[in-house]
Structures are given as structure tokens and as C-alpha cells.
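Novice: I have a structure I would like to understand better, so I am pasting it below and will then ask my questions one at a time.
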Amino acid sequence: MAREKILVVDDEANIRLLCNEILARHDYLPTCVDSPSMALRAVEEESFDLLMTDISMPEMDGLQLLQSIREFQEDLPAIVITGHGRLDQAIHSLHLGAQAFIVKPFTQQELLQTIQETLEKNRLTKENLRLKLLVPLFEISQNLLLEVNPVALFEQIVNVASKETKSDQAILILKEDMSGALEIKAAFPPLERDADAIELFRKIGRKTIEAMEAVIHVDGGGLDTESSELLKRCGFSSLVSIPLSYQGKIPAVLSLFKRVENIPYNQSDIELISILSGQAVIAIENAKLFDQLERSHFESMKALAQAIEAKDLYTRGHCDRMVTYALAIADRLGLSADEKKHLGYGAALHDIGKIGIHELILNKSGKLTDKEYEIMKDHPMLGAEIIKGVDFLNPVVPMIYYHQERYDGKGYPEGLSGEEIPIGARIIAILDTFDAMTSDRPYRKALPMEVAFAELRRCTGSQFDPKIVETLIQIIQDDQKNLHSD
């Protein structure tokens with residue numbers, strides 16, 4: 001158990017000797033000095049758990065000393081020693097932050113009881129303050145558990161960690177389950193192209209995983225020479241890196257860094273980070289489970305969509321090609337991660353409604369009759385009906401329902417036009433036509449790529465969104481150039 005260090009300041013030698021003897025005998029670590037100047041020097045050199053000071057001293061009274069010491073150690077509890085005639089000053093000392101006073105002459109029991117009560121009161125005060133600080137963090141970290149989008153979750157973790165600890169850099173690194181490779185998944189502020197910094201973050205992450213415990217570098221310890229030099233080269237002076245442990249494994253590491261001009265991490269910071277890390281790893285695992293469940297549902301839906309390919313021979317591989325080009329277009333257009341994910345689902349499932357269309361109609365080599373065409377026109381509605389009961393596919397429903405709309409408003413089922421049509425449906429409409437033109441059909445061979453481009457451009461502004469058409473053509477032309485250059 002730690003022994004409390006007590007600084008005793010009194011110009012009377014007999015008081016110092018008495019305090020030193022009693023305190024040492026009861027396992028305290030006393031430092032007894034005869035003047036305020038000696039006390040200030042002692043506080044500059046080391047920290048103490050308690051200050052005991054006389055009020056009346058020649059060069060500076062105890063109240064002035066108390067105020068001066070607070071500049072070095074703000075939360076140092078204090079007991080004022082006073083005579084019977086100076087009780088007014090002793091009471092005044094309580095208003096200035098002293099926790100207690102003791103009147104000369106005092107007994108051993110009075111001294112020890114006052115010290116014990118003061119230290120306990122200070123401990124409880126610190127604990128209450130710590131809990132007040134931690135309660136908001138618990139509330140914040142509980143919110144992490146509600147986030148199931150991995151990208152948004154990772155960003156939220158580093159943002160909260162950086163803000164709550166006043167860090168200059170927060171890094172979240174994930175360890176791949178199969179390969180064990182480390183990947184920086186989120187950073188706040190966003191990372192710049194700094195090779196040294198990237199090397200530092202990966203090195204600290206790897207060290208944390210290998211040690212299977214927190215890596216803390218505050219006062220020069222915790223790092224090998226090479227890592228310490230790299231830390232300085234990157235402009236940081238202190239760091240705390242916590243392994244996010246779950247069921248005996250470490251799927252992630254949260255690393256926080258402060259620059260030279262910032263205040264180093266303290267014990268409260270480490271506690272805050274530990275609490276946040278505990279909630280973060282649960283949130284990450286929740287997001288993984290949700291993602292696995294979502295993938296499982298999607299694979300089931302995709303299997304249903306692929307059953308169409310068994311009925312409609314020309315669509316074999318159609319879904320996969322649609323997804324590839326849809327995601328490439330989404331990248332070029334700057335769509336968000338969520339929009340890209342939903343677009344991928346929509347591209348894969350857009351024709352799922354054809355499961356309700358007879359294969360004689362799907363595989364007819366000639367032109368459909370009016371009645372057959374009306375039956376075929378039901379497939380967007382049928383597809384929307386099939387997936388609308390699946391919660392995570394709700395954003396995909398409009399893409400499937402509207403993917404046969406035309407840019408000029410002459411499509412079906414609602415006759416929407418222009419940007420009234422969801423962007424995902426506009427992308428799918430173009431890709432659907434392009435893939436049909438460039439695939440073998442029962443009644444003709446695939447059209448050459450340039451012929452398909454010309455047809456898309458001919459229908460630009462009437463059937464298709466001009467911007468998306470040009471984006472698709474540019475993607476394919478870039479791919480062809482890269483293929484030839486290789």
C-alpha cells in the first residue's frame with residue numbers, strides 16, 4: 001500500500017520534531033521544513049499528498065504559503081496549525097481551501113485523526129469529481145453501441161476519444177482476422193501523407209497487440225529508443241495506446257497522441273480511455289455481427305436473384321457485372337459509403353422481381369406482345385414487394401421500384417423524370433441497358449462497345465441521365481487503356 005507523503009511547515013523546532021516522530025511511527029513519509037521558502041522548494045521538486053502548515057511564520061504566513069503552493073499542486077489538501085488566539089485566521093483558512101485545522105498544543109490522537117479524516121475527505125472528493133467526469137463519457141460511449149455502420153462507428157470512436165482526452169491525434173487500428181495485418185480504419189484529425197507518422201501509428205499498434213496491454217509513454221518510459229525517436233520526429237511527446245480486447249482476442253487498438261506543447265496524459269485520461277475502449281470494442285463486435293447478419297440476409301436475397309439467371313439465360317453474370325460498374329460509378333460521383341453499399345445491393349437485386357415472370361416471356365426471342373409487355377412491366381413492383389420486408393434493404397426499395405423510369409418521364413411505373421428518379425435507379429437503368437447491349441441475346445450477338453456507347457449517347461437526356469452516361473463511358477475507356485498499357 002502506498003505511504004502518503006506529508007509536508008510539515010513550522011518555524012518551531014519542537015513541533016517539527018513531534019510531527020516527524022508521530023508520522024514516521026505511523027507509516028507516513030514526513031518532510032519537515034522550517035520556512036515557507038523551504039516548503040516551496042520542496043513542492044517544486046516532488047509532489048505531496050498533504051500539507052500541514054503553521055499560520056504564524058516570519059517570512060510568510062501559512063495562508064500566503066497555501067496560495068503559493070497551489071500554483072504548483074492545485075489539488076494538494078492542507079491542514080492549518082494554529083494557536084488558540086488565531087482561530088479567526090484558522091477559520092479564514094478554510095475559505096481559502098484548507099480542509100481542516102488543528103490547535104496547538106495537540107495530542108498524537110488529535111493529529112492522526114485530523115490527518116486521516118483530511119486524506120479520506122480528499123480521496124472522496126477526487127473520486128466524486130472523477131465520477132462526475134466519467135458519467136458523461138459513459139453516456140457518450142453507450143451511444144457507440146447504437147451505431148452499426150462500421151465506417152461511422154470508427155469515426156465516432158476516434159472523434160470522442162480525441163475530444164474527451166484533448167489529444168492531438170487519435171488512431172483506430174483493426175487487425176484482420178485471417179492475415180493478422182494491421183489497417184488504420186479511422187483517424188482524427190484525418191491523416192496527412194506523412195510516412196513517419198504512418199510508420200509510428202502502425203509500430204505502436206503492433207507493439208500494443210504484441211504486449212497485450214496498454215502502451216503508455218508519458219515521462220520517457222514505455223518505448224524503445226527507436227520508437228521514442230520516431231515519436232519525437234513526428235512532433236509528439238506522450239501517448240496512450242489501449243488494446244481493445246474481446247474474448248481473449250485483440251481485434252483493434254485505440255492509440256492517442258499529444259504534441260510537445262500539450263499537457264501530457266495523466267491517470268484520469270488513462271481511465272477515460274479505458275472506459276471508452278471497453279465500450280468501443282463491444283460496439284465494434286456488435287457492428288461486425290450486424291454486418292455478418294446483413295451479409296447473410298443479402299446472400300439469401302442474391303441467391304433468389306440468381307435463380308432468375310437459371311430461368312433467363314442471357315442474364316448469366318449480369319448481377320455481378322452490374323455491381324462492379326455501379327460501385328465504380330459511385331466512386332466517380334463521390335457517393336457516400338452508405339450510398340455505395342445500398343447501390344451495390346440494388347444493382348445485384350434490381351431484377352429480383354423477374355422471379356415472378358414466366359420464363360417463356362423472359363426468354364422469348366421475338367418482340368413481346370402488348371399483354372406480355374404489361375406482365376414484364378410488373379417486375380419492378382414485384383421486386384420492391386419481395387425486399388421491402390427486409391429492414392436493411394429499405395433504402396434499396398426505391399432503386400428497384402424506379403429502375404425502369406426514363407429521364408424524360410416516359411418510363412414506368414410512376415413516370416418520374418430527371419432528378420425525381422433516385423440516383424441509384426438512374427445508374428441501374430443505364431447499366432441494365434448497357435449490359436443487355438453488350439451481352440449475347442437469344443436473337444442477336446453482343447454489340448461492339450463503341451456501338452453501345454453511341455446508343456447510350458443517342459438516348460442521353462431522353463432515356464438516360466447525361467452525367468451518368470458519360471461517367472460510365474469514361475470508366476470503361478479508362479479500364480481499356482489500363483488493360484492495353486499492362
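The values are calculated or read from the model by the stated rules, or taken from the named source; none is laboratory data. Keep in mind that this is a model prediction, so the values were computed, not measured. Counting neighbours? That spans all protein chains shown, and the Cβs are built from the backbone with ideal geometry, glycine included.
Novice: Does the stretch 333-360 hold any residues that are over 20 Å from Tyr401 (Cα atoms), without any contact (Cβ under 8 Å) to a residue 60 or more places away in the chain and hydrophobic (A, V, I, L, M, F, W, C), and which are they?
Specialist: As a first pass, look at the stretch 333-360 and keep what is over 20 Å from Tyr401 (Cα atoms): 333-337, 359-360.
From the residues that got through so far, the ones that are without any contact (Cβ under 8 Å) to a residue 60 or more places away in the chain too are 334, 336, 359-360.
If the condition is that a residue be over 20 Å from Tyr401 (Cα atoms), without any contact (Cβ under 8 Å) to a residue 60 or more places away in the chain and hydrophobic (A, V, I, L, M, F, W, C), then Leu360 is the only one that fits.
Novice: Could you grab me the full set of residues in the stretch 364-375 that are over 19 Å from Gln404 (Cα atoms) and either in contact with a His (Cβ under 8 Å, 6 or more places away or on another chain) or not small (Gly, Ala, Ser) (or both)? Explain how you work it out, then say what you get.
Specialist: Initially, the stretch 364-375 is screened for residues over 19 Å from Gln404 (Cα atoms), giving 364-366.
Within the stretch 364-375, just Lys364 meets the criteria.
Novice: Same structure again: Quick check, is Gln404 closer than 18 Å to Ala326 by Cβ and either outside the structural domain of Cys319 (by TED's automatic domain parsing) or not in a helix (DSSP H, G or I) (or both)?
Specialist: yes
Novice: Let me ask you something else. In this structure, is Glu199 farther than 22 Å from Ser255 by Cβ, at pLDDT 90 or above and of a type in the set (Asp, Glu)?
Specialist: No, not satisfied.
Novice: Between Tyr407, Tyr401, which is within 18 Å of Val469 (Cβ to Cβ) and crowded, with 16+ Cβ neighbours inside 10 Å?
Specialist: Tyr407
Novice: From the list Ser277, Ser255, exactly one residue is buried (at least 18 other Cβ atoms within 10 Å of the Cβ), under 16 Å from Glu164 (Cβ atoms), hydroxyl-bearing (Ser, Thr, Tyr) and touching a Phe, Trp or Tyr at 6+ places or on another chain (Cβ under 9 Å). Which is it?
Specialist: Exactly one residue qualifies, and that residue is Ser255.
Novice: Quick one: in the stretch 103-132, which of the residues that are surrounded by fewer than 12 Cβ atoms within 10 Å (Cβ to Cβ) and among the acidic types (Asp, Glu) is modelled with the highest pLDDT?
Specialist: Glu120
Novice: A follow-up question, please. Looking only at the stretch 350-359, which residues are assigned to a loop (DSSP other than H, G, I, E, B) and surrounded by 17 or more Cβ atoms within 10 Å (Cβ to Cβ)?
Specialist: Hits for the stretch 350-359 are His350, Asp351, Ile357.
Novice: For the stretch 360-382, enumerate the residues that are closer than 21 Å to Arg321 by Cβ and either at pLDDT below 90 or not in a helix (DSSP H, G or I) (or both).
Specialist: Within the stretch 360-382, Leu362, Asn363 meet the criteria.
Novice: Go through the stretch 163-207 and count every residue that is without any contact (Cβ under 8 Å) to a residue 40 or more places away in the chain, surrounded by 12 or more Cβ atoms within 10 Å (Cβ to Cβ) and small (Gly, Ala, Ser).
Specialist: 3
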